[in-house]
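Structure record follows, encoded as structure tokens.
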Amino acid sequence: MTTRKTRDIKKGLIKKGFIEEQKDHSYFFLHVEGRKSTIRTKISHGEKEYGDNLLSLISRQLHLSSKELDKLLDCPMSYEEYLAILEKKKMLIR
């Protein structure tokens with residue numbers, strides 16, 4: 001079973017162009033060319049760690065496989081590579 005600390009997830013998302021918005025939860029929106037896109041995910045304030053189920057939800061929200069999410073958060077995947085994946089899946093049009 002894989003777990004990740006929520007602070008590590010947040011740091012990984014911010015490094016890849018996501019900007020946090022605080023509401024009832026922390027929402028992370030991908031920004032492309034200075035504009036907010038529709039690609040987003042939510043991190044709960046009360047969760048200290050995310051297990052496989054919640055990581056699976058994040059990967060679906062970000063239109064990635066579990067392995068791709070690991071690469072995104074661990075930094076082998078660049079911002080440009082992530083945008084290319086989204087464009088290939090027709091989830092992002094620039």
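Every number in this text was worked out from the coordinates using simple rules, so none of it is lab data. Values in this document were obtained by computation on a predicted structure and should not be read as measured data. Every residue, glycine among them, receives a Cβ derived from its backbone with ideal geometry; neighbour counts consider all protein chains shown.
Taking the C-alpha atoms only, the angle from helix 52-61 to the longest principal axis of the chain is near 20 degrees.
Which FRET efficiency value, to the nearest 0.05, do you get for residue 65 and residue 45 by plugging their Cβ-Cβ distance into 1/(1 + (r/R0)^6) with R0 = 30 Å?
Numbers: r = 27 Å, r/R0 = 0.90.
The formula returns an efficiency of 0.65 here.
The length gained on full extension between residue 11 and residue 89, counted as 0.36 nm times the residue separation minus their Cα-Cα distance, comes to 25.6 nm.
Specify which labelled value, from (1) 14.7; (2) 17.2; (3) 13.3, agrees with Kirkwood radius over Cα pairs in Å derived from the coordinates of the model shown. Checked against the structure: label (3).
Which of the GluC sites (Glu not before Pro) across region 1-37 are loop residues per DSSP, with 14 or fewer other Cβ within 10 Å? If you can, show how the numbers build up before the last one.
Working: sites: 20, 21, 33; in loops: 33.
The qualifying sites are 33.
When +1 charges are put on Lys and Arg Cβ atoms and -1 charges on Asp and Glu Cβ atoms, the dipole computed for the chain relative to its Cα centre reaches about 180 debye. Fully extending the segment from residue 36 to residue 56 would add 4.9 nm, taking 0.36 nm per residue of separation and subtracting the current Cα-Cα distance.
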